[in-house]
Each structure stands twice: as C-alpha cells, then as structure tokens.
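Below is one structure, written out as structure tokens; comments come after it.
The values are calculated or read from the model by the stated rules, or taken from the named source; none is laboratory data. Since this is a predicted model, take the numbers as computed values, not measurements. Neighbour counts run over all protein chains shown; Cβ positions are idealised from the backbone, glycine included. The protein model used for the area step is the full one, side chains on, heavy atoms only, and it has no ligands, DNA or RNA in it. Shrake-Rupley method; radii C 1.70, N 1.55, O 1.52, S 1.80 Å.
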Amino acid sequence: MMIDLKAKPFYLDEKAIQWVEETIDSMTIEEKIGQLFINLDRSHDEEDLTRIIKTYHIGGCRYISRSAADVLKQNQFYQSQSRIPLLIACNCDNGGSGACSDGTHIATAAACGASSDTETSLHVGRVSGREGTAVGCNWTFGPVCDILLNWRNTIVNTRAYGDNADIVIEQACAYMDGVSESNMASCAKHFPGDGVEELDQHLVTGVNTLTPDQWDASFGKGYQAVIDKGVQSIMVGHIALPEYSRKLRPGIKDRDIMPATLAPELLQDLLRGKLNFNGLILTDASHMAGMTSAKPRKDQVPGAIAAGCDMFLYFNDHEEDFHYMMDGYRTGVITEERLNDALHRILGLKASLGLHLITKNNEKPADSLLQTVGCTEHLEYAREAAERTITLVKDTEKNLPITPQTHPRVRIYVVSTPPITRDGNPDPVRSVIQEEFERAGFQADIHDSYYDLEMKGHREANKDLAIDCGSVEEFKKKYNAAFIFINIKGYAQENNVRLSWSIGHSNEIPWFVREVPTVAVSLNYTNHLNDLPMMRTFINAYAPTREVIHSLVKKVMGEEEFEGTAPDLVFCDRWDTRL
C-alpha cells in the first residue's frame with residue numbers, strides 16, 4: 001500500500017517531502033536497513049553509543065530511565081552523533097515519570113478511567129509531552145488502547161482505561177490531545193488488543209479470541225477512533241487474532257497463525273486496509289517470548305518488516321540482528337517496495353515533527369528545558385488526579401470514616417512484591433504511608449513482614465516472628481483499626497500476578513479482619529478482592545505515590561469525598577467479594 005505523506009497523520013508540505021526523498025536517495029543500503037531498528041540503550045558509555053549509532057545507523061532509540069538532566073544530556077548526544085535525526089521514545093503511560101526518574105507521575109490509565117471526565121487523561125498527556133520533550137524525546141509509546149475484559153489480566157490491569165471501547169476512546173483521545181500540545185508523536189498500543197485473556201506476551205504469544213464482529217465492535221472501534229483522530233504510530237503486540245486471520249486467510253492452518261507482529265493479514269489487510277492507517281507501525285519489544293517463540297530469530301527480524309511493520313523494536317545482538325535484516329532484504333523476504341514504504345513512513349514521521357529542521361547547534365540550553373520537569377503546575381495535576389480518581393469499591397460495614405479522634409492507634413501492613421524486584425531495597429512506600437498517617441495525627445505502627453525482617457538482618461527467629469500472630473485480645477487493646485496496603489505489581493516473570501504473602505502462614509494474612517475495623521487499599525492492581533474477599537472496606541488507589549497516599553488518608557478521614565468509580569470487574573466474578 002503506497003504511503004501519502006501529505007495526508008493524515010504526516011501532513012507534510014512539499015519541502016518536507018523533498019527532504020524525505022533526498023534523504024532516502026542519499027542513504028546506503030546499510031543506512032536504510034539501520035533505519036528499521038529502534039535501539040534499547042542500556043549503556044551510558046559515549047564511545048559505545050557512538051559505535052552503535054554509526055555502525056548500525058539506527059532509526060530510533062529507547063533508553064533506560066535516569067534523572068532528567070542525565071537523560072537530556074544523553075539524548076542530545078544521540079542526536080549529535082546521528083547523520084539522520086533520531087526518533088527518541090519514552091514510555092509515558094502515566095506522565096513524565098516515563099521519561100525520567102524524577103518526572104511527574106500523574107495517573108495510571110485505570111485511574112483516568114475511574115474519573116468522571118477526561119481531564120485527568122488530558123493532564124497525563126500534557127505532562128508526558130512537556131516533560132518528555134524537555135529531556136529530548138519526541139515520541140511517546142502511548143496511549144494504551146487495550147480493553148480490560150478479563151479481570152485476571154494483570155499485564156494491562158492498570159494500563160487500560162476501562163472495560164469498554166467508549167471509555168477507552170474518550171480517554172485515549174484526551175491523552176492524545178494533551179501530548180499534541182508538545183512536539184511529540186503518539187503511539188497507540190498494543191494492536192490488535194490485549195485484555196481478553198490473562199497471559200503475558202513477555203512469556204507466551206497472546207491470543208485475542210474475539211470473533212471479527214466482536215473485535216470490530218470493541219478493539220476495532222477503538223483503533224478506528226484514534227486513527228481518525230490522527231495517531232501517528234501504532235505499536236503491534238505479540239498477540240494473535242485467530243478468528244480474524246481465518247476470515248482474512250480462508251483455509252489458514254492453525255500452526256500458521258502468527259502473532260500480529262508477523263501476520264501480514266492483520267497488518268496489511270486489517271490495519272492498513274480496513275482501518276486505513278497511513279502512519280508508522282512498529283513492533284512491541286522483540287525480546288518478548290510472544291515473538292521469539294513464533295519463528296527462528298533469523299526469520300522474525302526480517303519477517304516483521306515483510307509482514308507490514310515499519311520499525312523493529314530492539315536488537316537482541318546488534319551485529320546478528322542487523323545481518324538477519326540485511327539477509328532478509330538480499331534474499332527478497334523484504335522487497336524493495338516494502339523497504340521503500342517503511343523508510344518513507346519513518347522519515348515522514350521524523351519530518352512531521354520538524355526533526356529535519358533542527359541543526360546540531362540550535363538546541364535550547366539544558367537549564368531552560370529542564371525547568372518544566374516536576375514543576376508546580378504538574379505537581380498540582382498529580383494532586384488533582386489523586387483527588388478525582390481514588391475509588392471506594394465498597395464499605396459494606398460502614399467502617400469509614402476513620403480519624404485520629406475515633407481510631408487513634410492504627411496497625412499498618414504493607415504487602416509488597418519481593419525485594420528482588422526492588423533491587424534488594426525496602427519498599428519505599430512503607431515510610432511514605434507511615435509519614436502521611438502520622439502527619440494526619442494517627443499513631444501509626446508499621447508491621448514488619450518476613451521480607452522486612454530479613455532485610456534488617458538474617459536471624460533464625462525471623463520466620464517465627466513473621467508467623468506468630470500473638471494475643472488477639474492484646475492486639476485489640478493496642479490498636480483501634482488496621483490497614484492493609486497492597487503494593488504488588490509485575491510482569492515478564494509470571495502470567496498473572498496475584499497477592500502473595502511474604503511467607504507461608506504469615507501474620508500479614510488478615511486474621512484480625514473481624515477483630516478491629518480493617519481497610520484494604522490497593523496501590524496498583526484493581527483485582528485484589530479476589531484474594532481478599534473477606535474485606536468489607538476496599539479502596540483502589542491505583543498508584544503508590546505520595547500524592548495518592550496523602551489524598552487517600554484525607555478520604556479515609558472523611559475530609560475528601562471518594563470521587564472514583566469502579567467497573568464490575570473489580571469483584572472478580574465472585575459473590576463473596578460483594579459482601
């Protein structure tokens with residue numbers, strides 16, 4: 001399918017199109033092949049970075065997050081070393097926190113979907129664009145257009161705006177509006193759509209089991225909306241859509257049904273054809289097992305481009321993958337026409353951002369760029385988001401409000417992911433929770449889990465201390481209420497992340513739920529009632545930030561209203577979670 005660079009989403013004028021054509025004509029075949037790759041930069045060594053840029057002629061890059069000042073310096077270095085300007089991506093799902101470690105977290109998509117309007121999503125996009133461009137990025141891998149139809153799915157649990165297409169459309173479009181205020185391209189993901197099943201594409205090829213009619217009315221409707229709005233790029237997930245593949249390729253054998261990244265019928269017939277997408281298509285990360293398990297690597301690399309992707313997200317081995325791609329071109333797997341089409345979309349996206357007009361010497365001074373990161377306005381957006389989105393899922397026993405006057409002494413349990421997933425450090429949210437409760441006037445006593453005890457120093461007694469519940473009557477004399485904060489999140493290790501206690505028979509397990517008023521708060525996933533059906537007061541707060549916890553404490557005390565709403569999926573298809 002031929003590209004139209006004058007049309008949506010590029011809107012290039014004749015001068016910009018001339019730059020695209022002249023740049024492609026000036027490129028060696030090595031440079032053309034290099035443009036297909038987006039490099040994942042794990043190194044901070046400038047000599048190594050220079051070698052990668054100049055040897056493999058990469059079209060774009062994604063980096064490991066660091067401070068804003070370090071990221072800006074690094075991104076400016078990238079551009080200074082590349083003959084052709086680079087697309088530099090950030091994963092700003094939640095705000096500027098996806099661009100740099102000190103960026104501003106505004107809200108997750110789940111939190112945005114819990115709000116009564118689209119203002120929070122607009123703010124997430126606005127801050128993503130402002131703080132992303134401040135550190136030298138020009139491409140955000142958002143919005144997420146997945147639909148959470150299966151409560152067991154934890155891959156997109158907090159990354160999806162909701163459980164129906166209309167919610168996703170209005171929130172995703174608001175995010176795009178916010179991003180568009182900055183010189184940054186948006187990227188809808190993960191086509192053809194996650195959220196139907198519970199598997200993680202990092203571990204296995206995902207399968208969207210919807211029929212063509214069901215898909216058209218849900219995910220298809222969502223993608224058509226963002227395409228019509230002008231989304232510049234779409235990230236393709238390692239997700240098969242077998243019923244649509246069978247419709248588009250009658251007689252296709254089951255073993256030949258591929259994830260969308262390798263399925264020309266889904267990319268060319270459905271996405272380019274039926275949905276009329278004219279922008280750039282890129283793969284999701286190519287080290288994920290959803291792709292690596294589908295074909296040998298030598299076939300995956302050129303196969304993704306041949307199928308209809310324009311850019312390939314991440315090398316495995318630079319030299320090896322580059323040669324796999326080159327061999328695919330030389331053997332005709334990637335045709336001259338397909339390569340030329342991909343290059344026009346890649347260069348067209350760069351020109352649509354004005355990257356061809358930026359010289360090596362006209363960038364703004366670093367200080368002026370960085371002032372927007374974590375600025376007062378953005379922190380106010382974060383505070384407003386917390387106030388508008390925190391959701392009281394239920395309070396059937398009327399335990400709330402809980403105040404320092406009515407319940408002065410509280411016991412706080414923080415159930416976290418294992419320390420290994422936190423680089424061996426204590427969960428930082430523990431101290432934030434204690435500080436915010438004490439600031440409000442509570443006497444807050446934080447429980448030490450087995451993880452916490454071991455991190456303070458290994459002792460044989462730690463196991464017994466982590467299991468022993470002690471006297472029930474003494475507990476009731478000592479505490480007026482209890483809070484359980486669940487700060488569990490993860491992917492790429494197990495397909496479905498569930499609540500996990502720090503040790504078998506742990507005294508974190510809420511044996512006290514019928515002894516004192518108890519409140520459970522999820523700081524991430526929205527499906528924890530499945531593992532805590534005994535809770536009569538449950539809150540979804542969506543993020544473990546100080547702004548969220550500060551607002552949460554005020555709501556618990558009755559000083560703020562709970563404004564968020566929850567879909568029925570939070571009850572996990574169980575009767576007892578509603579009690």
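Select from the range 286-299 the residues that are without any contact (Cβ under 8 Å) to a residue 60 or more places away in the chain and touching a strand residue (DSSP E or B) at 6+ places or on another chain (Cβ under 9 Å) and write down the one among them that is nearest to Met325 (Cα to Cα).
Ser286
Residue-wise test of (1) more than 28 Å from the chain's Cα centre (by Cα); (2) buried (at least 20 other Cβ atoms within 10 Å of the Cβ); (3) modelled with pLDDT under 95.
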position	(1), (2), (3)
Ile38	no, yes, no
Glu47	yes, no, yes
Ala68	no, yes, no
Lys73	no, no, yes
Gln76	no, no, yes
Pro85	no, yes, no
Ile88	no, yes, no
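For Phe322, state whether it is under 23 Å from Ser26 (Cβ atoms), aromatic (Phe, Trp, Tyr) and open to solvent by 10 Å² or more (accessible area, probe 1.4 Å).
So Phe322 passes the test.
Would you check if Ser97 is of a type outside the set (Asp, Glu), part of a loop (DSSP other than H, G, I, E, B) and either over 24 Å from Ser368 (Cα atoms) or open to solvent by 30 Å² or more (accessible area, probe 1.4 Å) (or both)?
Taking the combined requirement at face value, the residue does not satisfy it.
Kindly indicate the residue of the range 105-141 that is within 15 Å of the chain's Cα centre (by Cα) and assigned to a loop (DSSP other than H, G, I, E, B) and also surrounded by the most Cβ atoms within 10 Å (Cβ to Cβ) among those meeting that condition.
Among those that are within 15 Å of the chain's Cα centre (by Cα) and assigned to a loop (DSSP other than H, G, I, E, B), it is Ile106.
Using the structure shown, decide if Gln434 is assigned to a helix (DSSP H, G or I) and not acidic (Asp, Glu).
yes
Condition first: of a type outside the set (A, V, I, L, M, F, W, C) and part of a helix (DSSP H, G or I). Now tell me which residues in the range 375-410 satisfy that.
Those that are of a type outside the set (A, V, I, L, M, F, W, C) and part of a helix (DSSP H, G or I): Thr376, Glu377, His378, Glu380, Tyr381, Arg383, Glu384, Glu387, Arg388, Thr389.
Among the residues of the range 147-186, count how many are within 19 Å of Thr389 (Cβ to Cβ) and part of a helix (DSSP H, G or I).
The total comes to 12.
For the range 231-253, enumerate the residues that are under 17 Å from Asp310 (Cβ atoms) and part of a loop (DSSP other than H, G, I, E, B).
Listed by number, the residues that qualify are Val231, Gln232, Gly237, His238.
Name every residue in the range 187-208 that is surrounded by fewer than 21 Cβ atoms within 10 Å (Cβ to Cβ) and not in a loop (DSSP other than H, G, I, E, B), in order of residue number.
Scanning the range 187-208 gives a single hit, Val207.
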